[in-house]
Amino acid sequence: MDSLAGVPVGRDGALTMARVIAKNVWKTYGDHVVLENVNLDVADREFVTIVGASGCGKTTFLKMLLGMETPSKGQILIDDKPIVPEPNADRGIVFQRYSLFPHLTVLENVMLGLEFERSALLGKLFGASRRNALANATKLLESIGLGSARDKYPAQLSGGMQQRLSIAQSVIRRPKILLLDEPFGALDPGITLDLHKLILEVWAANEMTIFMITHDIKESFQLGTRLLVFDKVRHDPQAPDAYGARVTYDLKLKPRAERAAALEALTA
Amino acid sequence: MRRLVNRHPGRGGAWALGALPFIILAFVYVIASNLRFAANPDDKLLPTPSVIAETVKQYTVEEDRRSGEILLWLDTWASLERILMALAISAAIGMVFGVATGVIPLVRATLAPFVAALSMIPPLAILPILFIVLGLGEVAKIALIVIGVAPVIIRDLALRAGELPQEQLIKAQTLGASTWQLIVRVVLPQIWPRLIDSLRLTLGAAWLFLIAAEAIASTEGLGYRIFLVRRYLAMDVILPYVVWITALAFAMDWLLRWIRSRACPWAEMAR
């Protein structure tokens with residue numbers, strides 16, 4: 001399989017680092033405390049896996065990193081700057097479902113990011129610039145094994161292929177941070193393994209920090225360089241919403257270099 | 001013997017079953033009209049097929065003695081021009097306001113209650129206003145159809161645009177889309193099939209308003225003709241005209257469905 005590093009695509013911002021810092025972050029909805037006092041310092045190019053019971057704020061935290069939600073208290077910094085409070089091309093996302101565009105073919109789904117970048121008015125490219133974007137997108141598709149499906153619509157793809165495509169679609173803009181919200185939760189175990197390989201390749205070939213929510217503890221240990229567990233420390237049986245979740249475990253796993261070596265062994 | 005709910009007709013069987021009600025209706029009509037003809041050769045209420053055929057020939061082939069025009073075609077073009085113009089205008093208005101209402105929260109807050117109120121006005125109640133303000137010409141008739149149809153399309157498209165998965169809109173933004181790019185590349189293309197569906201659903205209402213407007217103030221048109229000959233109890237004209245209007249409406253519906261399947265193949269797949 002080709003390396004994704006070979007695909008020449010540009011990144012918006014001048015910054016290539018992506019250090020993420022959360023300072024005393026709280027999230028409350030009225031009386032309902034979801035997250036309380038989350039403090040984190042995540043280095044550039046880290047692969048952070050996040051686990052925790054349902055409803056303990058993992059997705060809320062991811063949404064704050066994405067810019068869909070803002071902290072009620074505290075601050076999130078990326079490269080020491082306050083986070084942009086709406087989604088932008090710095091941060092890519094792969095949801096569990098619905099993040100593909102059903103009216104576009106596989107190739108067009110991947111090309112879309114380049115078209116948004118280079119055609120402000122129509123969001124569509126023509127002539128030489130279109131051919132250029134097509135070549136980039138095709139190369140990326142082939143590198144992730146979707147070359148033969150380029151003219152299909154997402155509805156014609158299996159779940160695993162759809163998630164492959166969704167990852168490729170996000171990567172083409174080279175986001176500094178890639179957010180994955182249970183990306184493999186709905187897939188068969190065999191297919192999940194292939195996608196693990198893919199996501200490690202993407203991470204190794206691009207300078208990006210990854211945050212990935214998962215239900216699968218084994219997966220979180222296999223992929224991450226760092227594991228976060230979100231859980232509630234305090235409980236009030238009379239008022240279950242009174243206390244929020246925090247990061248209760250913060251484990252260092254295999255560092256990046258070791259992951260890359262393991263990947264090489266896997267692909268060899 | 002399988003249960004009734006599990007028995008499906010074959011291809012030919014489905015055709016035959018579908019044709020059955022039409023055949024029965026035609027059969028009943030022929031018998032009834034012949035019975036009435038036998039009792040009274042001057043009967044006007046249920047003209048026999050031969051009388052109808054004679055009248056149809058007179059309206060479709062022969063020129064009218066007074067105007068020198070072939071009446072059915074004259075009426076058909078006049079009505080089609082009005083309804084197609086009105087539907088095109090309604091579709092354009094529906095698309096612009098529907099998408100803006102569905103996607104942009106500030107526009108939704110501004111327009112949604114207004115459009116909701118607007119769509120509750122019975123269009124026929126303001127027909128006199130239209131005739132007073134716009135005169136008795138084409139504009140008033142087209143305006144009536146647009147007023148009746150456009151708010152429904154706006155609300156339908158706004159709902160549909162609002163139903164697009166939030167994930168898609170977020171994803172597009174993480175790919176760098178501006179609001180405008182988001183609308184042009186993500187929302188509009190997915191709304192097209194819904195616009196066509198919406199037009200199909202409003203066809204009936206559009207014809208209703210067209211015929212109402214033509215009945216009141218017009219000098220040609222399918223609705224005008226029906227209401228004109230009503231004075232002479234000319235069922236031999238009215239019945240073929242009703243069948244013709246139905247056929248036109250049916251053809252428009254079929255054409256829209258065909259366009260949808262051609263222009264948006266992905267929409268058929270997603271179901």
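Residues that are facing chain B (nearest Cβ under 10 Å), assigned to a helix (DSSP H, G or I) and crowded, with 18+ Cβ neighbours inside 10 Å within segment A:112-141 comprise A:LEU112, A:GLY113, A:LEU114, A:GLU115, A:PHE116, A:GLU117, listed in sequence order. If you go through segment B:182-208 and keep only what is closer than 13 Å to B:VAL99 by Cα and either facing chain A (nearest Cβ under 8 Å) or acidic (Asp, Glu) (or both), you end up with B:VAL184, B:ARG185, B:VAL186, B:PRO189, B:GLN190.
Comparison of B:ILE154, B:ILE132 shows that the only residue that is surrounded by 15 or more Cβ atoms within 10 Å (Cβ to Cβ), on the phi < 0 side of the Ramachandran plot and assigned to a helix (DSSP H, G or I) is B:ILE154.
Residue-level check: of (1) in a helix (DSSP H, G or I); (2) of a type outside the set (Ser, Thr, Tyr); (3) without any contact (Cβ under 8 Å) to a residue 24 or more places away in the chain, B:MET120 misses just (1). Screening A:LEU165, A:LEU178 for residues that are touching a residue at least 12 places away in the same chain (Cβ under 8 Å) and out of contact with any Gly (no Cβ under 7 Å at 6 or more places or on another chain) leaves exactly one candidate, A:LEU165.
Conditions tested, residue by residue: (1) under 23 Å from the mean Cα position of the chain (by Cα); (2) surrounded by 19 or more Cβ atoms within 10 Å (Cβ to Cβ); (3) modelled with pLDDT of 95 or more.
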site: B:ARG194; (1), (2), (3): yes, yes, no
site: B:ALA217; (1), (2), (3): yes, no, no
site: B:VAL237; (1), (2), (3): yes, yes, no
site: B:LEU248; (1), (2), (3): yes, no, yes
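For the residues B:VAL5, B:VAL56, B:VAL28, B:VAL96, the requirement of being within 26 Å of the chain's Cα centre (by Cα), assigned to a helix (DSSP H, G or I) and without any contact (Cβ under 8 Å) to a residue 24 or more places away in the chain singles out B:VAL96. When you look at B:ARG82, is it crowded, with 19+ Cβ neighbours inside 10 Å and closer than 28 Å to B:ILE183 by Cα, yes or no? So B:ARG82 does not fit the description; no.
Filtering B:VAL243, B:VAL229 for residues that are more than 14 Å from every other protein chain (Cβ to nearest Cβ) and more than 20 Å from the chain's Cα centre (by Cα) leaves a single hit, B:VAL229. Taking segment B:170-192 as the range and being surrounded by 17 or more Cβ atoms within 10 Å (Cβ to Cβ) and under 19 Å from A:SER170 (Cβ atoms) as the test, the residues that pass are B:ILE170, B:LYS171, B:ALA172, B:GLN173, B:THR174, B:LEU175, B:GLY176, B:ALA177, B:GLN181, B:LEU182, B:ARG185, B:VAL186. So which of A:ALA168, A:ALA204 ends up being buried (at least 16 other Cβ atoms within 10 Å of the Cβ), of a type in the set (A, V, I, L, M, F, W, C), within 12 Å of another protein chain (Cβ to nearest Cβ) and assigned to a helix (DSSP H, G or I)? Matching residue, one of A:ALA168, A:ALA204: A:ALA168.
The values are calculated or read from the model by the stated rules, or taken from the named source; none is laboratory data. Note that the structure is a prediction, hence the values are computed from the model and not measured. All Cβ positions, glycine included, derive from the backbone under ideal geometry; neighbour counts span all protein chains shown.
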